[in-house]
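Read-outs throughout are calculated quantities, based only on the coordinates presented, and are distinct from any laboratory measurement. Since the model is a prediction, treat every value here as computed from it, not as a measurement. Here Cβ is always computed from backbone atoms with ideal geometry, including for glycine, and neighbour counts include all displayed protein chains.
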């Protein structure tokens, strides 16, 4: 049948091409002699960064890359949370806590060759403080507003705080800089260690119109300059090379770096949104590392002789919130009954793949202010029932319990199963749980944070190494999700934030933790160590609780 | 007025209707972009502030009016989550989706038509039965699963083909068109072209299986129909060579329904293959719009969906016009 031959020819042709293409394969970047000082590391990320101008970024991917390109006065201790010197060699606060003097490192240059000095520091601070219009939107300058509050002139349309912690910056000489504050703040130094407060070359900022922005019809800030997309210039151990959106972002070793030079020649960040795809890319050698390993993949990685798993220290808290606006949760006895009615240890043992621990309070044990000396609530179903009877309630007590779908967070890898375990415990403890669920964003967050759910699963990953990033966020003011007004707790936490001496702050936060666990606005249940996966030949990657992980220390070996 | 002009003019009411539907639909979804952006840190004040910022606190008709106004000025706005202009994202992402869709369709057509034809010619014989079972499998196997399987075999186990992306990270070429194969040709780099093609193989096969199965079945049915027509018998009786009858009389007539299906399938593929794009980290329209739904990124949904509707309508127009080429009896006036 000649026609068949006719049709077969192109098909066979295609097959031949396909096989040919396969045969020509030189497995990318993994098999060749990619090691030592000429090596390239490809890191799989969950998303493309938004912008490489750190003070205008708040997403983890932008900050991860920015942290390799830019540096601030201080950084966090390798693998820890406490502030240590970076571009500042030393610092001291004035007795009133309102003036901080930093002694700068000398001989540092920005990537564009401009000198780094006290004037450059003040230029950057003044840049942030003087932002107007769209740059004052909270989605644009998120971290400035978290740490420093407002701006020099508040834009009438802006939702930024009216007052600012920042008052001014002085540069008496090239290596001395004084930051003036409007009030003493202890969280200031920990805040400065965040990547958003790192310095960019004043010349590059000006040349590439870093602050030129407008607001479009939808109310978005639209940046028109190219500093944060094509010309980022900091002082870091890596320099920006190129960025192909949704495809790859390339940075290369800065050979003029002031400190120890990076070991890798290049790092390429490659966005791979799908988890399974990231794992396969690691297995095939197309990437050498990735973040946010899913609990179900941990065994596969551990079982693969070519791969390794690294732990990030726990810096998150998962909790069951008790909304006191909803009766009978305003009754302490009922909240205690809930706390005694959930078997947290079983949940951690069964659902966290060996990477979690039971949280005793609303902050992880790795920061100061933590105290083991708080009320604990071991699983006692009979005690729960008794407490409910003491509260004058008829058993079982019906209550809605919410959990999110379509989400996995470090502190709750599988919300549905965590919910099921707790619900089953509570049903044995005198409660009758009514299950309620909603997709994580935006529905679930809307319901829970706006106080429409009585009982719900939630959590938080810390921003920086200060207790305020946890306790302050939850309990420093009245929040609809918790639905209570407890002036004593609010005052303790506000005092602790204003205090500058760490020893006094420690005492205040420990006191706050005790009060909170007696008052029981919710039950913290988990603190986990998120995992990172790498190929075996990757050395020197040090996981950090706040995800500030220098690629400059990483090397590829055989 | 010519047929084509009339069809193009019809686009106006279609687009108006679609813009209104999309507008109402996304605002009927619970929650809004504010919660999506703020995550766990949401507070009611922050949500209100963001809603003020985006004008979401205005009455709906005011919002719709502003939206239409910007459409008239050909402005699609800026994504709330990525902060990039929607038009720029479409310029970057649509070529990715289109390149993948065309490659998948090429696989489907190149294999589907001959398979369907062969099956029909061997009606009720083993090959026919096999092709039926095969196409049933092709339709029912989840693309997602097939993609992971293909990747596991060809990328992880054998290491023959890349498991994701559109180019190797070490390949550097300029992207004037964002069709990477075309970009590679423009850059005059055979290595880059080969690299781009190698990256297309697995996703194109994964995405092409469903249209392949459908095309096989439709071709088979159409060929069976035509084979029994009187004019085929007449042609044979006249002693025309078998392959000429097969090609001119049977296949050409059978291709009419097949081309309709191809057109519809291309339209579907062009609107983005969420799963394939996700698994292969392809960066096209599908994952983009899917994420926009999750984060309630209104400008992306409005702009992206409208753009896809235009593409879909235009593809269908082209398919309708192609009938005239295949079937001389059809003329458009």
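Among B:156, B:22, B:279, which one moves the most in a GNM of chain B with springs linking Cα atoms closer than 10 Å?
Evaluated over chain B, the most mobile residue of the options is B:156.
How large is Rg/Rh for chain B, to two decimals, with Cα atoms and a Kirkwood Rh?
1.04
Report relative contact order for region A:222-296 in percent, whole number only (criteria: Cα-Cα under 8 Å, sequence separation at least 6).
Relative CO of region A:222-296 lands at 19 percent.
Take every Cα pair under 8 Å in region A:146-250 that's 6+ residues apart, average their separations, divide by the length, and report that relative contact order as a whole percent.
15 percent
Based on the Cβ-Cβ distance of residue B:325 and residue A:405, what FRET efficiency does E = 1/(1 + (r/R0)^6) give at R0 = 56 Å, to the nearest 0.05?
So, using R0 = 56 Å, E works out to roughly 0.70.
At a 10 Å Cβ-Cβ cut-off, how would you order B:123, A:111, B:73, fewest neighbours first? It would help to have the intermediate numbers written out before the result.
Working: B:123 12, A:111 22, B:73 8.
Going from sparsest to densest Cβ surroundings: B:73, B:123, A:111.
Over chain A, what is the mean sequence separation of C-alpha contacts under 8 Å (at least six apart), divided by residue count, expressed as relative contact order in percent?
This gives 19 percent for chain A.
Specify, per residue and in Å³, the volume enclosed by the convex hull of the alpha carbon atoms belonging to region B:159-206.
Spelled out: Cα convex hull of region B:159-206, divided by residues, is 75 Å³.
How long are the semi-axes of the ellipsoid equivalent to region B:139-226, from square roots of 5 times the Cα gyration tensor eigenvalues, in whole Å, largest first?
Value: 31, 19, 9 Å, ordered largest first.
Test of understanding: ordering A:197, A:129 by Cβ neighbours within 10 Å, fewest first, what list do you get?
Taking fewest neighbouring Cβ atoms as first place, the list is A:129, A:197.
Over the alpha-carbon set of region A:45-190, work out the extent along each principal axis and list the three values in angstrom, largest first.
37, 37, 31
For region A:296-338, what is the Kirkwood estimate of the hydrodynamic radius, computed as the reciprocal of the mean inverse distance between distinct Cα atoms, to one decimal in Å?
14.3 Å
When only alpha-carbon atoms count, how far does the protein assembly as shown stretch along each of its three principal axes, as whole angstroms with the largest first?
109, 74, 61
Could you work out the per residue convex hull volume over the alpha carbons of region B:85-126, in cubic angstrom?
Dividing the Cα hull volume of region B:85-126 by its residues yields 64 Å³.
Cut-off 10 angstrom, C-alpha nodes, Gaussian network model of chain B. Which of B:100, B:68, B:158 fluctuates the most?
B:158
To the nearest 500 deg cm²/dmol, what mean residue ellipticity at 222 nm is calculated for chain A from DSSP H runs of n ≥ 4 alone, each contributing -39,500 (n - 2.57), summed and divided by the residues?
-8000 deg cm²/dmol
Need one number: % antiparallel among DSSP beta bridges in the protein assembly as shown, to the nearest 5.
Approximately 75 percent, going by the DSSP bridge assignments.
Classify region B:212-333 as rounded, prolate or oblate from the Cα gyration tensor: take a ≥ b ≥ c as the square roots of its eigenvalues, call it rounded if a/c is under 1.5, otherwise prolate when a/b beats b/c and oblate if not. Mind dumping the intermediate values first?
Numbers: a/c = 4.77, a/b = 2.51, b/c = 1.90.
The shape class here is prolate.
Could you work out the mean projected area of the convex hull around the alpha carbons of region A:106-184, in square nanometres to one decimal?
On the way: hull surface 24.1 nm².
One quarter of the hull surface, i.e. the mean projection, equals 6.0 nm².
What's the exposure ranking of B:293, B:107, going from fewest to most Cβ atoms within 10 Å?
Numbers: B:293 14, B:107 22.
Ranking B:293, B:107 by Cβ neighbours within 10 Å, fewest first, gives B:293, B:107.
Find the Rg to Rh ratio for region A:78-127, where Rh is the Kirkwood radius over alpha-carbon pairs and Rg uses the same atoms.
On the Cα set of region A:78-127, Rg over Rh gives 1.02.
Kirkwood-based Rg over Rh for region B:53-100 (C-alpha set), two decimals?
1.09
How long is region A:411-551 along each principal axis, judged by its Cα atoms, biggest number first, in Å?
51, 43, 29
Shielding by partners for B:77-88, please: the mean number of other protein chain Cβ atoms within 10 Å of each residue's Cβ. Can you show the working numbers first?
On the way: counts 6, 9, 3, 4, 4, 8, 9, 8, 3, 2, 0, 1.
Mean number of neighbouring Cβ atoms from other chains: 5.
How much space per residue, in cubic angstrom, does the convex hull of the C-alpha atoms of region B:82-161 take up? Please report the intermediate quantities before stating the final value.
Working: hull volume 11.8 nm³, N = 80.
Per residue, the Cα convex hull of region B:82-161 comes to 147 Å³.
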